[in-house]
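Novice: Sharing a structure here in structure tokens format.
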There are 2 protein chains.
Amino acid sequence: MMPMGGIGVGLDDDSAALDTGAAVSAHEVLAVVLQIRHDRLSVLLWRRALPPCEGLWALPGGRLGGTEGLDESIRRQLAQKVDVRDLTHLEQLETRGEPDRHPRGRTLATAYLGLIPADIDPATPDDTEWHPASDLPAMGFDHAAIVHSARRRLRAKLSYTNVGFALAPPEFTMSELSRYYRAALGHDVAATNLRRVLLRRGQIEETGESVPSGRSGGRPAAVFRFRVRRMEITDAFAVLRPPSDT
Amino acid sequence: MMPMGGIGVGLDDDSAALDTGAAVSAHEVLAVVLQIRHDRLSVLLWRRALPPCEGLWALPGGRLGGTEGLDESIRRQLAQKVDVRDLTHLEQLETRGEPDRHPRGRTLATAYLGLIPADIDPATPDDTEWHPASDLPAMGFDHAAIVHSARRRLRAKLSYTNVGFALAPPEFTMSELSRYYRAALGHDVAATNLRRVLLRRGQIEETGESVPSGRSGGRPAAVFRFRVRRMEITDAFAVLRPPSDT
DNA sequence: CCAGTTTATGTCCAACAGGCGAAAACTTGT
DNA sequence: ACAAGTTTTCGCCTGTTGGACATAAACTGG
């Protein structure tokens, strides 16, 4: 805290930084990789074999390389735990820098949110497992808090963007899709309403195909797909829209 | 890029990082401080007197200290350019880490978004000035891009949160508030509808007072205030709400 | 006291979303 | 072939929301 909260002297930023004792700080990247598995939102975690936090579960990630960008780095690190080609979406989440967040000394962490569609079962190393996001195991560092941030972000974005495409397989029926939404949002979503809303927003379209429904009979379900498979904001937010020019 | 994009060997993250050549990377914090000034959304910038980027305009900020957290650091750095007590809101925006974003060598930057209410005119050092966000001067580094991120974030949040409190003075009339919204959003906002929406969402309330309107006469305007003066999400997003239990 | 200006209130309408029930389309069993 | 059961689809109704607009209210100045 600056004394009195007033304006300090107009030092140049570089010099000002030096006398505060800028230190060599490590920087790591982490990823919260989410996938709907068996109707549950799940996170990819690995069990630490070595200290610090030995035996606890942690997010995939690692130290930032000297010549790579953040996006580049998280993809490289992630490749050690899962096939990165399966990722349908990856975005930056937040950066944490509390001085004591890492027992090994000052380490900043930039966390990412990654999504994998529900239809695939990526191969993972032995130390790596999927855990339900609503029932996390004992986790090291501040990783549990980061997972919660990611869930919140995902829930919000499901409502005003087309992120659904990243959770669902390329083609799906409405009842499947509503199950994915239910798993991610934590509450029921009526397939009927979901269909109407996503169609009106132009997020999804019918492929023309249809597939027989579950084994006990029933009307065949129409097959849909997302029209665009990269993130877009599709809900021009409610209030305060620019005046319509019709 | 990993060859074939497959799964790498299961190295521990720390060791994996070392052989990639983890380097001493500097970390800086930056802030996009926005305020509505004379009906225009404006950014606080300072002119660099020394290289790199000498003579260009830059965001306030500086090197992260060795023992401080990110939030702590940005407040300290900001105190050199403006009275931090005037900030009504401060949130993390994004972190940039392209290896070439800083000519002096590898420097990560975590950017913040800060807001100052429209009614005050904070004292600033000689090298520091307010610039219209829609008409930026020549800026160094990637700072112009960061300002654009901040504007987008603010526009979005005005629609589904109560951030308005951070742009407006503690008390205001509806026509004043609609001018602030217009400046921040870039389009007209009808005071009538704004009032109805913000009242229904419980964001604002009448103080009971009223003030005479502009110098040329007119009905006195009712005075309002925001009920809560810290960020809250007030629009439980449209679609996909939990089923109502009425 | 009237004209002009600004704010407040109310109404209309279109869009939207949630709920529900009926119809459609299919499977299985008799 | 037909009935029963299941799942999806479609249409209707309702309550809410937000943008536009018109009218009423309140005040100033001449």
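Bear in mind these aren't lab numbers, they're just calculated from the coordinates by the rules spelled out. The structure displayed is predicted, hence computed values, not measured ones. No Cβ is skipped: glycine too gets one built from the backbone with ideal geometry, and neighbour counts run over all protein chains shown.
Novice: Which value in deg cm²/dmol, rounded to the nearest 500, describes the helix-derived mean residue ellipticity at 222 nm for chain B, given -39,500 (n - 2.57) per DSSP H run of n ≥ 4 and division by the residue count?
Specialist: -7000 deg cm²/dmol
Novice: Continuing with the same structure: Can you compute the FRET efficiency between B:Arg47 and B:Leu136 using 1/(1 + (r/R0)^6), with r the Cβ-Cβ distance and R0 = 22 Å? Round to the nearest 0.05.
Specialist: According to the calculation, E is roughly 0.95.
Novice: Something else about it: Once you average over the residues of B:123-132, how many Cβ atoms of partner chains fall within 10 Å of each Cβ?
Specialist: 1
Novice: Have a look at the protein assembly as shown and give its Rg and Dmax from the Cα atoms, expressed in angstrom.
Specialist: 24.7, 77
Novice: If the reach is capped at under 18 angstrom between alpha carbons, list the aspartates and glutamates near A:Lys157, excluding any in the same chain fewer than eight residues apart.
Specialist: Those aspartates and glutamates meeting the cut-off are A:Glu91, A:Glu94, A:Asp188, A:Glu232, A:Asp235, B:Glu94, B:Glu232, B:Asp235.
Novice: Given +1 on the Cβ of Lys and Arg, -1 on the Cβ of Asp and Glu, and no further charges, what dipole in debye does the protein assembly as shown carry about its Cα centre, rounded to the nearest 20?
Specialist: 1780 debye
Novice: Report the one residue of B:Ile120, B:Gly62, B:Leu93 whose Cα lies farthest in the direction of the positive end of the charge dipole of region B:24-158 (charges on C-beta: Lys and Arg +1, Asp and Glu -1; origin at the Cα centre).
Specialist: B:Leu93
Novice: List the distances, in nm and shortest first, from the label point of B:Glu206 to the matching label points in every other copy, placing each point 7 Å from Cα along the Cα-to-Cβ direction.
Specialist: Computed spacing set for this position: 5.2 nm.
Novice: By how many nm would the segment from B:Glu54 to B:Ser175 grow when fully extended, if each residue of separation counts as 0.36 nm and the alpha-carbon distance is taken off?
Specialist: Roughly 39.4 nm would be gained on extension.
Novice: Of all DSSP beta bridges located in the protein assembly as shown, what percent are antiparallel, nearest 5?
Specialist: Just about 70 percent of them are antiparallel.
Novice: Next question. Once both axes come from the Cα atoms, what is the angle between helix A:174-185 and the longest principal axis of chain A, in degrees from 0 to 90, rounded to 10?
Specialist: It is inclined by approximately 30 degrees.
Novice: List the distances, in nm to one decimal, from the label point of A:Ser149 to the label points of the same position in every other copy, shortest first, placing each label point 7 Å from Cα along the Cα-to-Cβ direction.
Specialist: Spelled out, the distances from A:Ser149's label point are 1.3 nm.
Novice: Could you tell me which of A:Ala79, A:Val33, A:Ser134 has its Cα farthest along the dipole of region A:25-158 towards the positive end, charges placed at Cβ (Lys, Arg +1; Asp, Glu -1), taken about the Cα centre?
Specialist: A:Ser134
Novice: Once the principal axes of the Cα atoms of region B:121-246 are found, what is the range along each, listed largest first in whole angstroms?
Specialist: Here the Cα extents, ordered largest to smallest, are 54, 48, 24 Å.
Novice: If I fit a long axis through the Cα atoms of helix B:191-200 and take the longest principal axis of the Cα atoms of chain B, what angle between them do I get, 0 to 90°, rounded to 10?
Specialist: 80 degrees
Novice: Over 16 Å apart: what share of the alpha carbon pairs of region A:161-226 falls there, rounded to a whole percent?
Specialist: Summing the P(r) of region A:161-226 above 16 Å gives 44 percent of all pairs.
Novice: While we're on this one: Across bins of 5 angstrom width beginning at 0, how are the C-alpha pair distances of chain B distributed, in whole percent?
Specialist: Binned Cα distances yield the sequence 1, 6, 11, 14, 15, 13, 11, 9, 8, 6, 4, 2, 1, 1, 0, 0.
Novice: What number comes out for the charge environment of B:Gly140, summing +1 per Lys or Arg and -1 per Asp or Glu over other residues with Cβ under 9 Å away?
Specialist: Summing Lys and Arg as +1 and Asp and Glu as -1 gives -1.
Novice: 5 Å is the cut-off here: which amide hydrogens, built 1.01 Å from N in the peptide plane, fall below it relative to B:Ala111, excluding neighbours closer than 5 in sequence?
Specialist: B:Leu30, B:Leu93, B:Glu94, B:Thr95, B:Arg96
Novice: I'd like the GluC sites (Glu not before Pro) in region A:45-134 restricted to DSSP loop residues with at most 12 other Cβ atoms within 10 Å, sorted by number.
Specialist: For GluC sites (Glu not before Pro) across region A:45-134 that sit outside H, G, I, E and B with at most 12 neighbouring Cβ atoms in 10 Å, the list reads A:Glu54.
Novice: Residue by residue through A:29-36, how many Cβ atoms from other chains fall within 10 Å of the Cβ on average?
Specialist: Counting other chains' Cβ atoms within 10 Å and averaging over A:29-36 gives 1.
Novice: Further question on the same structure: Which whole number gives the average, over all residues in B:96-104, of C-beta atoms from other chains lying within 10 Å of the residue C-beta?
Specialist: So the per-residue partner count for this stretch is 4.
Novice: Next question. Kindly give the distances from A:Arg229 to its copy-mates, label point to label point, with each label point 7 Å from Cα along Cα→Cβ, as nm values to one decimal ordered shortest first.
Specialist: Nearest to farthest, the other copies are at 5.0 nm.
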